[in-house]
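Below: the structure, in structure tokens.
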Amino acid sequence: MKFYSTNNKDLRVGFKEAVFNSMPQDKGLYMPVEIPRLDDKFLNNLDQYTLPEIAYHVAQNLLGDDIPADDLKAIIYDAINFYAPVVKLQDGTYVLELFHGPSLAFKDFGARFMSRVMSYFLEEGEKQLDVLVATSGDTGGAVALGFLGVPNTRVTILYPKGKVSQIQELQLTTNGENIRAVEVDGTFDDCQALVKEAFTDKELNEKFRLTSANSINIARLIPQTFYYFNAYAQLLRQGVSKVVFAVPSGNFGNIGAGLLAWKMGLPVEQFIAATNANDTVPAFLKTGLYEPKPSIATLSNAMDVGNPSNWVRIANLFDEEPDALKKLIVGYTYNDEETLQAIDTINKTDNYIACPHTAIAWKALTEYQHISSTNDTAGVFLSTAHPCKFPDVFTKEISDKIEIPEQVKELEKKEHVATSLGTSFEEFKGYLLNNA
């Protein structure tokens, strides 16, 4: 499979180059030249396949012979070794739980697949790979665990000071070995801007072999399609063949992967982009004007993105049919007060504890269902993180019900190490050069 840049459709690079370069020098994002449509026999019989089997089939169709079949299968079965159940809450409403991986967040799908692909492509004697990643919460923890101990790699994680939860911060700062954390006195957008500028800085690129682990990397996007296909497989087993997905959206990689799955033939009736107060995309869907803005800090911190990187990919998927994009995606946006109300309501009505991101997706789905005729359609909202990662959000009554996973208890015993920096690129560049 060949990949082009969203800023240059004539560009052609292989998967290995797209993974390691992460972002083309023209500052676009890589996309597959051709998006294969999966055959109907496979799609209609998804219920007969396991998650790893589905993941392998989807990846092989996208990547072609870039990774030999047996090697790709080994990567998939090693990376995707946890489950992602669809749980029925009430008639017509389901939750897709994506927090059963090692970092307790949906980012494990992308981070584990990507780390193993990079390790596979790294050849003995090659220059050390320096992975730069900006995180608004969950990406950093997933990337840290995905790359921890991987030979000939070093990961630098940038996160906004005071804007990630305590458990998220522990996941970023307690790893040691080849993982280091940088606390930036700014927003996620500031962190992301520093990473992007590093990739286009001549001196840094001459000294380091830089790549990204953010969702701007195509190796993060591809594995996120797996759980959409697998969710549909689980619904088919329950006799349901129509589905609407409500997706908590920040940098728009998650819903972007769902749209890629749709392009590959997954029969989805509607995508619901659910955001917090950072409503750049919902505003665009209503007005037709795309106006990035500074990010706003909210309780659903992993979605605090005012200028989502992956929107350019989504727009690119539909550049020949922009009206189809607006028909397929509807946007909803909620403030912190509405988020807290949603957490309380879903707990009372369904005895379910939702993290703030998940609660926003549930609220958007509920609102959509109230105005749409969806009697024969399953509404699935994505649960992107374990609620234990956001202890300060919940009332004591709800908090007392949360079961704390053992890996979280172990984190609290470890040493916390992070370097504090401002938002200046020159300061960040100096940090990289002085700590080579």
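Miscellaneous remarks
- Scope the range 319-374; condition farther than 21 Å from LEU299 by Cα, open to solvent by 60 Å² or more (accessible area, probe 1.4 Å) and among the aliphatic types (A, V, I, L, M); matching residues: ILE371
Residues checked against (1) of a type in the set (Gly, Ala, Ser); (2) touching an Asp or Glu at 6+ places or on another chain (Cβ under 9 Å):
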site: MET1; (1), (2): no, yes
site: SER22; (1), (2): yes, no
site: ILE35; (1), (2): no, no
site: ASP39; (1), (2): no, no
site: ASP47; (1), (2): no, no
site: THR50; (1), (2): no, no
site: GLU53; (1), (2): no, no
site: VAL58; (1), (2): no, no
site: PHE99; (1), (2): no, yes
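- Of all residues in the range 234-248, those that are closer than 15 Å to VAL268 by Cα have Cβ atoms under 6 Å from Cβ atoms of residues that are assigned to a helix (DSSP H, G or I) and of a type in the set (D, E, K, R), 6 or more apart or on another chain, in LEU236/ASP47.
- Of residues in the range 166-183 being over 19 Å from THR211 (Cβ atoms) and open to solvent by 20 Å² or more (accessible area, probe 1.4 Å), the one modelled with the highest pLDDT: GLU183
- Residue check, LYS88 at negative phi, in a strand (DSSP E or B) and without any contact (Cβ under 8 Å) to a residue 40 or more places away in the chain: no
- Every residue from the range 375-386 that is of a type outside the set (Val, Ile, Thr) and either surrounded by 23 or more Cβ atoms within 10 Å (Cβ to Cβ) or part of a strand (DSSP E or B) (or both): ALA378, GLY379, PHE381, LEU382, SER383, ALA385, HIS386
Each row is one residue, and each column tells you yes or no for (1) among the charged types (D, E, K, R); (2) buried (at least 24 other Cβ atoms within 10 Å of the Cβ); (3) part of a strand (DSSP E or B); (4) on the phi < 0 side of the Ramachandran plot.
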{"site": "VAL244", "(1), (2), (3), (4)": "no, no, yes, yes"}
{"site": "GLY250", "(1), (2), (3), (4)": "no, yes, no, yes"}
{"site": "ASN254", "(1), (2), (3), (4)": "no, yes, no, yes"}
{"site": "LEU259", "(1), (2), (3), (4)": "no, yes, no, yes"}
{"site": "TRP262", "(1), (2), (3), (4)": "no, no, no, yes"}
{"site": "GLY265", "(1), (2), (3), (4)": "no, no, no, no"}
{"site": "ALA274", "(1), (2), (3), (4)": "no, yes, yes, yes"}
{"site": "PHE284", "(1), (2), (3), (4)": "no, no, no, yes"}
{"site": "LEU289", "(1), (2), (3), (4)": "no, no, no, yes"}
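- Of the residues in the range 190-197, not one is more than 15 Å from GLU426 (Cα to Cα) and at pLDDT 90 or above.
- Among the residues of the range 395-436, those identified as hydrophobic (A, V, I, L, M, F, W, C), out of contact with any Pro (no Cβ under 7 Å at 6 or more places or on another chain) and either open to solvent by 80 Å² or more (accessible area, probe 1.4 Å) or in a loop (DSSP other than H, G, I, E, B) (or both) are ILE404, VAL417, ALA418, ALA436.
- Among residues of the range 133-151 being touching a Phe, Trp or Tyr at 6+ places or on another chain (Cβ under 7 Å) and among the hydroxyl-bearing types (Ser, Thr, Tyr), the one that is surrounded by the most Cβ atoms within 10 Å (Cβ to Cβ) is THR135.
Conditions (1) open to solvent by 30 Å² or more (accessible area, probe 1.4 Å); (2) of a type in the set (Phe, Trp, Tyr); (3) farther than 20 Å from VAL312 by Cβ, marked per residue:
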site	(1), (2), (3)
ASP185	yes, no, yes
ASP201	no, no, yes
ARG209	yes, no, yes
SER212	no, no, no
ARG220	no, no, no
ALA233	no, no, yes
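- Scope the range 1-59; condition among the β-branched types (Val, Ile, Thr), open to solvent by 30 Å² or more (accessible area, probe 1.4 Å), out of contact with any Phe, Trp or Tyr (no Cβ under 7 Å at 6 or more places or on another chain) and farther than 19 Å from ARG116 by Cβ; matching residues: ILE35
- SER309 vs. criteria outside any helix (DSSP H, G or I), closer than 24 Å to LYS9 by Cα, out of contact with any Cys (no Cβ under 9 Å at 6 or more places or on another chain) and not β-branched (Val, Ile, Thr): yes
- Within the range 73-94, the residues that satisfy the criterion of being in contact with a Pro (Cβ under 9 Å, 6 or more places away or on another chain) and open to solvent by less than 20 Å² (accessible area, probe 1.4 Å) are ILE76, ALA79, ILE80.
- Every pair of residues 6+ apart whose Cβ atoms lie under 7 Å, when the first sits in the range 120-141 and is touching a residue at least 12 places away in the same chain (Cβ under 8 Å) and farther than 17 Å from LEU204 by Cα while the second is open to solvent by 10 Å² or more (accessible area, probe 1.4 Å) and aliphatic (A, V, I, L, M): TYR120/ILE75; SER136/ALA302; GLY137/VAL164; GLY137/ALA302; ASP138/ALA302
- Candidate set from the range 331-353 (those that are part of a strand (DSSP E or B) and not β-branched (Val, Ile, Thr)); member that is nearest to TRP311 (Cα to Cα): GLY331
- Counted residues, the range 266-284 - those being among the small types (Gly, Ala, Ser) and more than 18 Å from THR377 (Cβ to Cβ): 2
The values are calculated or read from the model by the stated rules, or taken from the named source; none is laboratory data. What you see is a predicted model, and the numbers here were worked out from it, not measured in a lab. Cβ: placed from backbone, ideal geometry, glycine included. Neighbour counts: every protein chain shown. Remember, those area values only see protein heavy atoms, side chains included, never the ligands or the DNA or RNA. Shrake-Rupley method; radii C 1.70, N 1.55, O 1.52, S 1.80 Å.
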